[in-house]
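The values are calculated or read from the model by the stated rules, or taken from the named source; none is laboratory data. Quick caveat, the model's predicted, so the values are computed rather than measured. Cβ: placed from backbone, ideal geometry, glycine included. Neighbour counts: every protein chain shown.
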Amino acid sequence: MIPAPTLELRAALPLILVSVGAFAVMLAELFLKKRETKSPAFASAVLCTLALLTLGAITLSSAGMFVEGGSLVFNPARPFVRLDRFANFAIAMVAVGALLSCLLSYYYLRELKIDHGEYYALVLLATSGMILLISAVDLVAVFLGIELLSIPIYVLAGFDRRKLRSNESALKYFLVGSFASAILLYGMALLYGATGSTDFVEIRKAFDPPGTAPSVLEQPLAALGLALVVVGFTFKISAVPFHQWTPDVYEGAPTSVTAFMSVTVKVAAFAGLMRIVVVAFDGGGEALRTVLWCLAAATMVVGNVMAVIQENVKRLLAYSSVAHAGYLLMGLLAGTQAGHSALLFYLLAYVFTNLGAFGVIIALAHRGQDADRVEDFAGLARTRPALAALMTLFLISLAGIPGTAGFIGKLQIFLAAVREGYVGLTIIAVMTSLVSVYYYLRLPVVMYMREPGAELPRLRLHSAEGIVLAVCAVAVVALGLFPGEGPMLLSWVHAIDWTRESAAVLAGR
């Protein structure tokens, strides 16, 4: 008789929590609808609270396991998912990003009259896919994670079904995402054919038999498979030339959805790609580094140049997201523990900075209409000085101005790349960063140096939006001024140490 495998349920704890939370939201909505409550606001509050409690529990459990250290595998006989410090740190970032996005969504969805309970269920289901992708150590788990995160986001992008732009963005994202998934799956099939396994460790062993140690990409079948896997991931991280969907989807989707997907998908996709490249392919060799160099350079140039000519703020931030993918690729290209640590810190800074910028756009939404044109921000410093100051803070962080989290993130990425000899790429990164200063500071100029519109409404900042903006502002400043150990109330902050410990897990595989 074959003995039953010993399963470690704690390795699946984040997935269990988010799955239970998603079903709880759906059941609660059904119950509230049957009761035919006369207060839709009460129903929305209950469903949002359930989502927040679920995401808060995931954040706390991941943080606790990160502090505890160690590595948990669900089934030691057949590794499928692994919870280590790297996974827990990335899962905590995703959970925090999803939690803050749900807070931003509450009043915004009510304003648009689309505050349906399935919204929060879809957010949780997408989060479950991200958790699976981050913790995956098997190609099958990677594909399941990508599909599980993608399908709910396709629906969320078209959540405002009354608007043509929202429907168009969902359809474009679905079509492009389907092609990306097909390419990714074909690449995984080729890798399985070349190695006979889908497990990351076994794939690495297939390219490194004792005494021979050939290059990872010596076999044409494996080289093509890895190339297709990289192509599939570049769709998810919005890298050039597979970025065309990004501005259309960012503009057409409800802004709360754009805020959610802009940070969480990027964290999950980069975490998954990092583990594949480092653990399964040991960096991929010179050929992969050349490909990553070209992708990073093209992504930074195209993203920043295209952002200059945008008049819609959501499209501007979309091309900004493309450009930031290029900077993040530099950390992966460096291939060292310092490069991976810099990439993780950059993602941490990006979560709070980008969510804050979209949070200001959401706070300015009025009567179901987004304030997403550049001229909508004219004179904002006079009518809403606090929001103008916050938007300026988030934009200068995205630009990488000293004193902000964005500056520390870029500095670490650039230093890691220079140490590995990528001086030319770093020069391109610095030059494109200078270009980004122009379009990032364009909004503060409009806010502080233009007269307000004729009928600019004076809106009250809702408590949930205020909480998110305050958290993001404090995080951007704290990580910028005290990236290591912070003083007084911030003494628990050791962000750089956290990222180094997480990257060390990948280095040790």
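Restricting to the stretch 360-399, count the residues that are in contact (Cβ under 8 Å) with a residue 60 or more places away in the chain and part of a helix (DSSP H, G or I). The qualifying residues number 20.
Scanning the stretch 107-121 for residues that are in a helix (DSSP H, G or I) and surrounded by fewer than 24 Cβ atoms within 10 Å (Cβ to Cβ) turns up TYR107, LEU109, ARG110, GLU111, LEU112, GLU118, ALA121.
Selection of the stretch 176-196 for residues being surrounded by fewer than 17 Cβ atoms within 10 Å (Cβ to Cβ) and either among the polar types (S, T, N, Q) or at pLDDT below 90 (or both) yields SER178, PHE179, TYR192, GLY193, GLY196.
Being closer than 30 Å to LEU344 by Cβ, modelled with pLDDT under 90 and part of a loop (DSSP other than H, G, I, E, B), is that true of even one residue in the stretch 462-483? Yes, the stretch 462-483 has at least one match. Entry remark, the stretch 411-433: residues being of a type in the set (Val, Ile, Thr) and more than 16 Å from GLY400 (Cβ to Cβ) number 1 in total.
For beta carbons closer than 9 Å, sequence separation of 6+ or different chains, a first residue in the stretch 83-101 that is among the charged types (D, E, K, R) and a second that is not in a helix (DSSP H, G or I), the qualifying pairs are ASP84/GLY69; ASP84/GLY70; ASP84/SER71; ASP84/LEU72; ARG85/GLY69; ARG85/GLY70; ARG85/SER71. Candidates ALA28, ALA77, ALA57, ALA41: the one that is within 29 Å of LEU348 (Cα to Cα) and among the small types (Gly, Ala, Ser) is ALA57. Got at least one residue in the stretch 390-403 being farther than 30 Å from LEU506 by Cα, crowded, with 24+ Cβ neighbours inside 10 Å and not aliphatic (A, V, I, L, M)? Looking for residues that are farther than 30 Å from LEU506 by Cα, crowded, with 24+ Cβ neighbours inside 10 Å and not aliphatic (A, V, I, L, M), one finds at least one in the stretch 390-403, hence yes.
Filtering the stretch 197-218 to residues that are modelled with pLDDT under 75 and either touching a Cys at 6+ places or on another chain (Cβ under 9 Å) or surrounded by fewer than 19 Cβ atoms within 10 Å (Cβ to Cβ) (or both) leaves ASP208, PRO209, PRO210, GLY211, THR212, ALA213, PRO214, SER215, GLU218. PRO241 meets the stated requirement of being out of contact with any Ser or Thr (no Cβ under 8 Å at 6 or more places or on another chain) and not in a helix (DSSP H, G or I). In this entry, ALA121 is excluded by the filter for residues that are modelled with pLDDT under 90, of a type in the set (A, V, I, L, M) and more than 24 Å from HIS340 (Cβ to Cβ).
Kindly evaluate VAL278 against the criterion of being within 20 Å of LEU398 (Cβ to Cβ), in a helix (DSSP H, G or I), out of contact with any Phe, Trp or Tyr (no Cβ under 6 Å at 6 or more places or on another chain) and in contact (Cβ under 8 Å) with a residue 40 or more places away in the chain. Answer is no for this residue.
Within the stretch 151-165, the residues that satisfy the criterion of being under 21 Å from the mean Cα position of the chain (by Cα) and assigned to a helix (DSSP H, G or I) are ILE151, PRO152, ILE153, TYR154, VAL155, LEU156, ALA157.
Between ALA318, ALA307, ALA323, the distinction of being over 30 Å from SER128 (Cβ atoms) and either modelled with pLDDT under 90 or assigned to a helix (DSSP H, G or I) (or both) belongs to ALA307 only. State whether one or more residues within the stretch 132-147 are within 29 Å of LYS163 (Cα to Cα) and either buried (at least 19 other Cβ atoms within 10 Å of the Cβ) or out of contact with any Pro (no Cβ under 7 Å at 6 or more places or on another chain) (or both). Yes, some residue in the stretch 132-147 is within 29 Å of LYS163 (Cα to Cα) and either buried (at least 19 other Cβ atoms within 10 Å of the Cβ) or out of contact with any Pro (no Cβ under 7 Å at 6 or more places or on another chain) (or both).
Residues in the stretch 222-240 that are surrounded by fewer than 24 Cβ atoms within 10 Å (Cβ to Cβ), touching a residue at least 60 places away in the same chain (Cβ under 8 Å) and over 22 Å from VAL302 (Cβ atoms): ALA223 alone.
Does VAL96 fit the bill of being surrounded by fewer than 24 Cβ atoms within 10 Å (Cβ to Cβ) and at pLDDT 85 or above? Answer is no for this residue.
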